[in-house]
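A quick write-up on the structure given underneath.
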Amino acid sequence: MTAVEHVVDGSELRTKRAVLQAFARALSFPDYFGVNLDALYDCLTDLSWLPPGEHRLHWTHAEVLRRSDPAAFAGISEVLADAVAANPRLTVQVSA
């Protein structure tokens with residue numbers, strides 16, 4: 001079965017908040033998403049509102065955030081890795 005792909009174009013995303021909001025839109029996060037790293041982890045390890053099966057988050061142009069806010073990039077990257085380890089339905093690809 002092919003994973004459903006959710007693409008986030010990071011070419012204009014220079015803040016942690018902007019990236020988190022883009023992830024929320026791409027993955028149709030529930031309204032209660034708190035736009036912080038803990039909430040990102042909670043949503044990525046749940047995904048119960050999405051159809052059954054595998055889901056792939058593809059964050060393109062991630063280097064934009066890495067250059068503008070290295071700490072935010074590191075924090076988001078860590079949460080993505082932790083969520084993938086915890087949720088077998090989720091894969092993540094981060095592209096420069």
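The values are calculated or read from the model by the stated rules, or taken from the named source; none is laboratory data. All values reported here derive from a predicted model rather than from experimental measurement. Note that each Cβ is placed from the backbone with ideal geometry, even for glycine, and that neighbours are counted across all protein chains shown. These area figures cover heavy atoms from the full protein model, side chains too; ligands, DNA and RNA do not enter into them. Shrake-Rupley method; radii C 1.70, N 1.55, O 1.52, S 1.80 Å.
Every residue in region 66-89 that is touching a Ser or Thr at 6+ places or on another chain (Cβ under 8 Å) and either modelled with pLDDT under 95 or open to solvent by 40 Å² or more (accessible area, probe 1.4 Å) (or both), please. Listed by number, the residues that qualify are S68, D69, V84, A86. Since S28 meets every condition but one in (1) hydroxyl-bearing (S, T, Y); (2) closer than 18 Å to P88 by Cβ; (3) exposed (fewer than 13 other Cβ atoms within 10 Å of the Cβ), which condition does it not meet? Result: S28 passes all but (2).
Within region 46-65, the only residue that satisfies the criterion of being buried (at least 17 other Cβ atoms within 10 Å of the Cβ), in contact with a helix residue (DSSP H, G or I) (Cβ under 6 Å, 6 or more places away or on another chain) and part of a loop (DSSP other than H, G, I, E, B) is A62. Entry remark, region 5-25: residues being open to solvent by 30 Å² or more (accessible area, probe 1.4 Å), farther than 15 Å from A62 by Cα and under 11 Å from the mean Cα position of the chain (by Cα) number 1 in total. Out of the residues in region 1-16 that are charged (D, E, K, R) and touching a helix residue (DSSP H, G or I) at 6+ places or on another chain (Cβ under 9 Å), state the one that is nearest to H55 (Cα to Cα). It comes out as D9. Within region 30-40, one or more residues are in contact with a helix residue (DSSP H, G or I) (Cβ under 7 Å, 6 or more places away or on another chain), free of Cβ contacts under 8 Å to residues at least 40 places away in the same chain and hydrophobic (A, V, I, L, M, F, W, C). Scanning region 1-45 for residues that are in contact with a strand residue (DSSP E or B) (Cβ under 6 Å, 6 or more places away or on another chain), assigned to a loop (DSSP other than H, G, I, E, B) and under 18 Å from I76 (Cα atoms) yields a single hit, L27.
Considering (1) farther than 21 Å from S28 by Cα; (2) among the hydrophobic types (A, V, I, L, M, F, W, C); (3) open to solvent by 60 Å² or more (accessible area, probe 1.4 Å); (4) in contact with a Phe, Trp or Tyr (Cβ under 7 Å, 6 or more places away or on another chain), the lone condition that V94 does not fulfil carries the number (1).
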